[in-house]
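What follows is a single structure, written as structure tokens, with notes after it.
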Amino acid sequence: MTGVAQQIADNLRAVRQRIAEAAARSGRSVEQVRLVAVTKTVGLEEIRALVGAGCQELGESRPQQLWEKAAALEDLRIHWHMVGPLQRNKVRRTLEVAEMIQSADSLRLIRAIDRIAGELGRLLPILIEVNVSREPAKHGFHPDLLEPSLLEVASCRHVEVRGLMCMASLEGGLDAARRDFAALRNLRDRLRNRCPEGIALEELSMGMSGDYEVAIEEGATIVRIGSALFEGISR
Ligand SMILES: *Cc1c(COP(=O)(O)O)cnc(C)c1O
């Protein structure tokens, strides 16, 4: 094993350990938390090392990079997640490789995903991105405007809504992050009882390298982790 591969395997083990501890602290089972490794800052060698170490759920935040990496790694069994902004003209190529779109941030995008998933004969799992911190620069549905949109989302027969996704505030540290994560969970709990048929809100994708333990304590079912997995490798 190369130095890089060893380091990545060690990092993965450490992150999994911390995930397990955070789950235990909050009385949750570790099986309720999935790790999606965000590989946007690394190349193919690092990704191969990560997959070799046993992490097969990967995420990319830029469509072009997702397409290129997916094509170059076709020999591996990778479950790709799209986690970043997706323009409608990039939906088709993205759906050819992604198993889930975590960043469905507008009705227009969801309609486009629905139409193209239909053409490809797929039922596409998505998460709805919510701008819980209400920062103007952030993507996602305004928390108060999600409920009125759900009926139309439910009429999209080729997308399967699995839950909600958010990014924590950039400012305010872990306290602000915890508040944002709790807000997403509360929104999910509130909407879950009034959801139109065909929409499930089981998943909460929240938490990144700096705040994933807090996110797990607040109910995350998916954490999206990048830099913590690639610490200490020279690039
Ligand atoms: C980059 C990124 C992550 C991972 O961030 P790290 O801080 O490197 O763990 C998670 N989610 C999204 C949407 C990202 O763009």
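Taking amide hydrogens as placed 1.01 Å from N in the peptide plane, the amide H of V38 sits under 5 Å from those of G59, I225, G226, each at least 5 positions away in sequence or on another chain.
Calculation over all alpha carbon pairs of segment 1-93 in 5 angstrom steps from 0 returns a P(r) of 3, 12, 22, 20, 18, 13, 8, 4, 0 percent. Of all DSSP beta bridges confined to segment 1-115, the antiparallel ones make up roughly 0%. For the chain, the convex hull drawn through the C-alpha positions has a volume of 124 cubic angstrom per residue. What would the Debye equation give as log₁₀ I(q)/I(0) for segment 23-64 at q = 0.28, 0.31, 0.34 Å⁻¹, counting only Cα atoms as equal point scatterers? The Cα Debye sum returns log10 ratios of -0.95, -1.06, -1.17.
Name all residues of segment 96-135 having a backbone nitrogen under 12 Å from the label point set 7 Å from the Cα of Q87 along its Cα→Cβ direction, giving them as ranges. Correct set: none at all. Sorting the segments 173-181, 100-108, 22-30 by their residues' average number of neighbouring beta-carbon atoms within 10 angstrom, most packed first, yields 100-108, 173-181, 22-30.
Here's the picture: charge each Lys and Arg Cβ at +1 and each Asp and Glu Cβ at -1 in the chain, and of L44, M165, T94 the one pushed furthest to the positive end of that dipole is T94.
When shorter helices are ignored and each DSSP H run of at least 4 residues is given -39500 (n - 2.57), the per-residue value for the chain at 222 nm works out to -12500 deg cm²/dmol.
Comparing A5, L66, A104 along the charge dipole axis of segment 3-229, the residue lying farthest to the positive side is A104, per the Cβ-charge model.
Since every read-out is calculated from the coordinates, none of them should be taken as a lab result. None of the values given here were measured: they were computed from a predicted structure. All Cβ positions, glycine included, derive from the backbone under ideal geometry; neighbour counts span all protein chains shown.
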